[in-house]
Number of protein chains: 2
Amino acid sequence: MQLPTRVKIIDVGPRDGLQNEKQPVPAQVKVELVQRLQGAGLAEIEVTSYVSPKWVPQMADNHAVMQALPRQDGVRYSVLTPNLKGYEAAVQDRPDEIVVFGAASEAFSQKNINCSIAESIVRFAPVVEAARAAGIAVRGAMSCTVGCPYEGEIAPERVAYLAGLMKDIGVERVDVADTIGVGTPRKVQRAIEAALQHYALDSVSGHFHDTYGQALANTLAALEVGVWNFQSSVAGLGGCPYARGATGNVATEDLVFMLHGMGIGTGIDLDQLVDAGVFISDFLGRKPNSRVATALLNKRAG
Amino acid sequence: MQLPTRVKIIDVGPRDGLQNEKQPVPAQVKVELVQRLQGAGLAEIEVTSYVSPKWVPQMADNHAVMQALPRQDGVRYSVLTPNLKGYEAAVQDRPDEIVVFGAASEAFSQKNINCSIAESIVRFAPVVEAARAAGIAVRGAMSCTVGCPYEGEIAPERVAYLAGLMKDIGVERVDVADTIGVGTPRKVQRAIEAALQHYALDSVSGHFHDTYGQALANTLAALEVGVWNFQSSVAGLGGCPYARGATGNVATEDLVFMLHGMGIGTGIDLDQLVDAGVFISDFLGRKPNSRVATALLNKRAG
């Protein structure tokens, strides 16, 4: 089949990435990171979340970050809102899109958000309703769509079930996330096809973790199904909370290198993106967790 | 198209990997590495090379390694022989296959083996002739089939040209190598298709470097063209001589994880393969350069 000629990338580094970092990152550093990402051409950025600071202290500065952010035309700023309280806090900061976060695995849902999948949908429904009434876009993150740290392999039927529930409550688009990175090309295609039972191709995005180095192969597999929206994290920010020392989100740099090499446009300037990754990695006191960044920085150093 | 249901992997770690390591590795450690690889189910192993120790001191122990090796039925042991002198030294050690090493880039050929592509073929011809007369299989490594550190992008026509020359002198099968890892799926497919102008699908293997993290996506792209022979290096041995600190050969562990996840058989036991990678990495005083090994070792550690 004809592959997409253009891909839209949501950089989730400031939220999904930094949320998993031990070291606290000041609001002004987060704001500069977002500015650098939009400067590099990212048109969608997941900025922060509105979760209890008791659970996620890394995002306690959500208001400060969102208020300080110099917004750029054409860029969509999304934030995570797990419940109505979070939504009400978020709405003051005028996000373009809110994200509700469900799981295709019952065990993961219980461990991660302390309720069943069905209960999580009941919790999300008023959030989605309120957002849509306010003209704010709604995305549904579907985690563990291929494998779960507690349940092991996840059947595509579970993904279809969750996607159907998301659709029922009015979620406009969904992410098919391989949260622990165990997915391989065919499994990922089956998870995407399950989501496509309820959502159009334009409303499904791929979110792959590189824990087992499979993220770009999975991206190619998703492109072959026609998916053209992807999520990634600059400098591979985030690590993997389920495996110490392992890689988490695929690095945006690695994704962009592959897409550009395939003649697929992203609107992103790879050199500026590498600079953004160096900026935040320097702050965190380490090297970017991106093979492309490593190779290009070596090249720059001669 | 239908993907291959079975893949054959040549582990090139003992030769292509260890050749690029600064630290000298004793012959007995190399022998144990090969034993561990065949124990894990590898049916083809590139063991050593017969090059002047002035240029490649890492392989000066070629006779010692080949003579000490307890051979296993059904395993093919290949060695690199750049010229007739090398071949004559190699043949005493009864390799199953010899490898001649050409480049699709003129500049790389000049810098790497000090002669033009055409001259390299003249040099290889008597080696190939002698090997075939002795009933030894002959493989032709084609380096820089996508990009070259000196010339930049390499046109598929250059790959077809080299493959045609290899075919003319009797080389039985060829590797399409992305030596500097800049290839992306479509480019790699075009390089393979160029090789297929002269060789049957069964006689073409993919050899991808992970310097830019693209190797598994490129493997998937090659599988989609029907290629079912691949080369990789346990623990990602080898680094990349053209970019300090960067990754070289794709790790066999990462490749096997993807293939098994896709239901493609390899005959390899992933856990034993990880152990082989830990063995040599421990000797080299570092962690395996494989995301799968990292993730599985974290899992083992609980």
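Output yes when any residue across the stretch A:151-174 is part of a strand (DSSP E or B) and closer than 24 Å to B:TYR212 by Cα, and no when none is.
No, there is no match, as no residue in the stretch A:151-174 is part of a strand (DSSP E or B) and closer than 24 Å to B:TYR212 by Cα.
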Matching option when the condition is within 13 Å of chain A (Cβ to nearest Cβ) and crowded, with 18+ Cβ neighbours inside 10 Å, among B:VAL234, B:VAL250
B:VAL250
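Specify which of the listed residues (A:SER109, A:SER78, A:SER105, A:SER116) is free of Cβ contacts under 8 Å to residues at least 24 places away in the same chain, buried (at least 17 other Cβ atoms within 10 Å of the Cβ) and not charged (D, E, K, R). Even if it seems obvious, please write down each step before you answer.
Numbers: A:SER78 fails: free of Cβ contacts under 8 Å to residues at least 24 places away in the same chain; A:SER105 fails: free of Cβ contacts under 8 Å to residues at least 24 places away in the same chain; A:SER116 fails: buried (at least 17 other Cβ atoms within 10 Å of the Cβ).
Answer to the check: A:SER109.
For the stretch B:163-212, which positions are within 14 Å of chain A (Cβ to nearest Cβ) and of a type in the set (D, E, K, R)? First the steps, then the outcome.
Our first condition is that a residue be within 14 Å of chain A (Cβ to nearest Cβ); within the stretch B:163-212, this holds for B:178-191, B:206, B:208-212.
Of everything in the stretch B:163-212, those that are within 14 Å of chain A (Cβ to nearest Cβ) and of a type in the set (D, E, K, R) turn out to be B:ASP178, B:ARG186, B:LYS187, B:ARG190, B:ASP210.
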Looking only at the stretch A:163-220, count how many residues are crowded, with 24+ Cβ neighbours inside 10 Å and more than 18 Å from the chain's Cα centre (by Cα).
3
Elements of type helices (runs of 4 or more DSSP H) in the stretch A:13-99, at least 1 residues being closer than 26 Å to A:ASP178 by Cβ and either in contact with a Phe, Trp or Tyr (Cβ under 9 Å, 6 or more places away or on another chain) or at pLDDT 95 or above (or both)
A:27-39, A:84-91
For B:ASN20, work out the one condition from (1) in contact with a Cys (Cβ under 9 Å, 6 or more places away or on another chain); (2) surrounded by 24 or more Cβ atoms within 10 Å (Cβ to Cβ) it doesn't fulfil.
(2)
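Scanning the stretch A:273-302 for residues that are assigned to a helix (DSSP H, G or I) and polar (S, T, N, Q), which turns out nearest to the chain's Cα centre (by Cα)?
Of the residues in the stretch A:273-302, the ones assigned to a helix (DSSP H, G or I) are A:273-284, A:291-300.
Subset that is polar (S, T, N, Q): A:281, A:294, A:298.
On the way: A:SER281: 19, A:THR294: 22, A:ASN298: 28 Å.
Top of the filtered list is A:SER281.
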The stretch A:269-299: number of residues that are more than 9 Å from chain B (Cβ to nearest Cβ), aliphatic (A, V, I, L, M) and surrounded by fewer than 24 Cβ atoms within 10 Å (Cβ to Cβ):
3
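The values are calculated or read from the model by the stated rules, or taken from the named source; none is laboratory data. What you see is a predicted model, and the numbers here were worked out from it, not measured in a lab. When we count neighbours, we look across all protein chains shown, and the Cβ atoms used for this are built from the backbone with ideal geometry, even at glycine.
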